Amino acid sequence: MSRSTAPPSTCPSPALPARSSPTTADLDHFFRALLGGGLLRPAELREMTTDTSGDGWALGLEMATLPCGTIVGHGGGTPGYRTISFHALDGIRQVTVDWTDWGTDASPATLALMTAALCPS
């Protein structure tokens with residue numbers, strides 16, 4: 001008689017972000033290529049970075065206004081792990097932050113870091 005094994009769990013592993021997610025450098029590289037015109041034609045990029053609904057979203061990108069102008073990006077995570085990645089529209093000034101936490105959003109310190117990185121004096 002052969003011994004069977006249980007099928008792999010379909011529940012996400014807490015280690016999943018560490019082994020299969022992009023790095024902060026990967027996210028910055030992607031957004032630099034996207035916003036620099038390396039992935040979409042100019043009209044498509046303009047549409048992707050225009051908030052037509054007025055709710056701070058434009059075709060999958062979150063938009064926000066800082067003292068130095070508009071930034072675009074996205075955030076996400078799994079239980080215990082969060083990432084936010086925001087970028088100036090020129091694709092040059094970027095900030096991507098990862099942190100481990102359970103159920104909280106970015107802290108005021110994280111938001112201050114993003115503003116300092118994206119709006120240099």
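The values are calculated or read from the model by the stated rules, or taken from the named source; none is laboratory data. Please read all numbers here as calculations on a predicted model, not as lab measurements. Here Cβ is always computed from backbone atoms with ideal geometry, including for glycine, and neighbour counts include all displayed protein chains.
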GLY91 fails exactly one of (1) assigned to a loop (DSSP other than H, G, I, E, B); (2) in contact with a strand residue (DSSP E or B) (Cβ under 9 Å, 6 or more places away or on another chain), namely (2)
Counted residues, the stretch 42-79 - those being surrounded by 12 or more Cβ atoms within 10 Å (Cβ to Cβ), out of contact with any helix residue (DSSP H, G or I) (no Cβ under 9 Å at 6 or more places or on another chain) and among the polar types (S, T, N, Q) | 2
Which residue, of ALA64, ALA6, is more than 23 Å from ALA117 (Cα to Cα), of a type outside the set (Val, Ile, Thr) and at pLDDT below 90?
-> ALA6
Any hit, the stretch 95-111, residues being out of contact with any helix residue (DSSP H, G or I) (no Cβ under 6 Å at 6 or more places or on another chain), touching a residue at least 12 places away in the same chain (Cβ under 8 Å) and assigned to a helix (DSSP H, G or I) = yes
